[in-house]
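S.K.: I am attaching a structure below and will ask some questions about it afterwards.
The values are calculated or read from the model by the stated rules, or taken from the named source; none is laboratory data. Values in this document were obtained by computation on a predicted structure and should not be read as measured data. Virtual Cβ from ideal backbone geometry, glycine too; neighbours counted across all protein chains shown.
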Amino acid sequence: MPKFSVEIIIEGKKNARDPEGETIMRDLMIKHGYDMVESVRSGKILKVNLEAKDENEAEEICLKMVNELRIYNPVAHMCVIQLVK
């Protein structure tokens with residue numbers, strides 16, 4: 001069975017406050033001269049290697065996994081699943 005590398009990106013919804021991103025922006029970016037940076041959003045990324053019959057099945061397995069295992073909260077977060085080529 002083929003092997004796939006998948007990235008699962010979890011971040012707060014666009015309208016939700018992001019205190020960690022705000023702190024990075026304020027205390028690191030701006031204070032150290034990176035005032036050209038307009039915004040910073042924090043999140044987490046899961047890198048998953050798995051076996052599946054094709055790309056669609058790999059994505060479906062990951063989506064099922066994050067929902068069943070409650071790896072993210074769909075009310076507060078967005079989850080993007082993408083295959084790594």
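S.K.: Given the conditions (1) surrounded by 13 or more Cβ atoms within 10 Å (Cβ to Cβ); (2) more than 26 Å from Met1 (Cα to Cα); (3) charged (D, E, K, R), report the number of the one that Glu57 does not fulfil.
M.R.: (2)
S.K.: From (1) in contact with a strand residue (DSSP E or B) (Cβ under 7 Å, 6 or more places away or on another chain); (2) in contact (Cβ under 8 Å) with a residue 12 or more places away in the chain; (3) of a type in the set (A, V, I, L, M), pick out the condition that doesn't hold for Ile61.
M.R.: All conditions are met except number (2).
S.K.: Would you point out the residue of region 42-84, among those that are part of a loop (DSSP other than H, G, I, E, B) and in contact with a helix residue (DSSP H, G or I) (Cβ under 9 Å, 6 or more places away or on another chain), that is farthest from Glu22 (Cα to Cα)? If you could, list the steps in order and put the result at the bottom.
M.R.: Our first condition is that a residue be part of a loop (DSSP other than H, G, I, E, B); within region 42-84, this holds for 42, 52-54, 69-76.
Of the ones still in play, those that are also in contact with a helix residue (DSSP H, G or I) (Cβ under 9 Å, 6 or more places away or on another chain) are 42, 52, 71-72, 74.
Numbers: Ser42: 9, Ala52: 39, Ile71: 23, Tyr72: 21, Pro74: 22 Å.
Ranking the candidates gives Ala52 first.
S.K.: Here is a list: Lys53, Lys64, Lys31. Which entry is at pLDDT below 95 and over 14 Å from the mean Cα position of the chain (by Cα)?
M.R.: Testing whether each residue is at pLDDT below 95 and over 14 Å from the mean Cα position of the chain (by Cα) leaves just Lys31.
S.K.: Something else now. Scanning region 44-53 for residues that are free of Cβ contacts under 8 Å to residues at least 40 places away in the same chain and hydrophobic (A, V, I, L, M, F, W, C), which turns out surrounded by the most Cβ atoms within 10 Å (Cβ to Cβ)?
M.R.: Our first condition is that a residue be free of Cβ contacts under 8 Å to residues at least 40 places away in the same chain; within region 44-53, this holds for 44-46.
With the extra rule that they be hydrophobic (A, V, I, L, M, F, W, C), the set shrinks to 45-46.
Numbers: Ile45: 10, Leu46: 16.
Among residues in region 44-53 that are free of Cβ contacts under 8 Å to residues at least 40 places away in the same chain and hydrophobic (A, V, I, L, M, F, W, C), the one surrounded by the most Cβ atoms within 10 Å (Cβ to Cβ) is Leu46.
S.K.: Looking at region 12-23, which of its residues are touching a residue at least 24 places away in the same chain (Cβ under 8 Å) and either touching a Gly at 6+ places or on another chain (Cβ under 9 Å) or more than 26 Å from Met65 (Cβ to Cβ) (or both)?
M.R.: Listed by number, the residues that qualify are Gly12, Asp18.
S.K.: Any idea which of (1) part of a loop (DSSP other than H, G, I, E, B); (2) in contact (Cβ under 8 Å) with a residue 60 or more places away in the chain is the one Ile9 doesn't satisfy?
M.R.: (1)
S.K.: Tally up the residues in region 36-54 that are closer than 15 Å to Ser5 by Cβ and hydrophobic (A, V, I, L, M, F, W, C), please.
M.R.: Of the residues in region 36-54, the ones closer than 15 Å to Ser5 by Cβ are 45-52, 54.
With hydrophobic (A, V, I, L, M, F, W, C) added as a condition, the list becomes 45-46, 48, 50, 52.
Qualifying residue count for the region: 5.
S.K.: What pairs come out if I take residues in region 24-43 that are closer than 21 Å to Ile9 by Cβ and pair them with residues that are acidic (Asp, Glu) and surrounded by 14 or more Cβ atoms within 10 Å (Cβ to Cβ) whose C-beta lies under 7 Å away, six or more apart or interchain?
M.R.: Listed by first residue and then by second, the contacts come to Arg41/Glu11; Arg41/Asp18; Ser42/Asp18; Gly43/Glu11.
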